[in-house]
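For reference, the structure discussed in these notes is given below.
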Amino acid sequence: MSQEIKQIVRIGDTDLEGMKPVAYALTKIRGIGISTAYAICRYLGINPTLRLGQLDEDSVRKLDWAVRNLHQFAPGWFVNRPRDPESGKNLHLIGADLVFYAKRDVDLMKKLRSWKGIRHNLGLKVRGQRTRTTGRLGMTVGVTKGKTQAGGGGGK
């Protein structure tokens, strides 16, 4: 008996390819990486190498629930927003929520005028990278050396 494979499956407000294996299809959801996808499959007892389009509606519903509520069964160190500053709970954000919270965190840093907020405001590197040669904007392509001082050795 050949089972019909769905081409597109909607999980976590994201359209996923039905021809891909479950674990790799789940990684297309923003906030879900390969380790998280395998953990979700292991928790639900779903074969991660099975094609996503071959799953029945009940399994797809379970996957959708698990993706949205990962913080309920995953340990605190596994989620992407542990100890949320507002609620104090461990959260795992996906999709548009992840983008929204990241932007809100940056805006808070800017408002508080923290060091990272000031760097964000100026459009400079935030995490301690060097800025002498990288991260330049505009037309600057190369840097020419100025005249050397005494003993430069420049001939006619």
Restricting the stretch 21-39 to residues that are of a type in the set (Ser, Thr, Tyr) and part of a helix (DSSP H, G or I), the one surrounded by the fewest Cβ atoms within 10 Å (Cβ to Cβ) turns out to be Ser35
Is there any pair with a first residue in the stretch 130-156 that is assigned to a loop (DSSP other than H, G, I, E, B) and a second that is at pLDDT below 70 and exposed (fewer than 10 other Cβ atoms within 10 Å of the Cβ) whose Cβ atoms are under 6 Å apart and which are 6 or more apart or on different chains, and what are they?
-> none
Restrict the check to the stretch 57-79 and report whether at least one residue is more than 23 Å from the chain's Cα centre (by Cα), of a type in the set (Asp, Glu) and assigned by TED's automatic domain parsing to the domain that holds Ala25.
-> yes
For residues in the stretch 40-50 being closer than 16 Å to Ile11 by Cα and assigned to a helix (DSSP H, G or I), which is farthest from the chain's Cα centre (by Cα)?
-> Leu44
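The values are calculated or read from the model by the stated rules, or taken from the named source; none is laboratory data. Everything numeric here is computed off the predicted structure, so don't read it as measured data. Note that each Cβ is placed from the backbone with ideal geometry, even for glycine, and that neighbours are counted across all protein chains shown.
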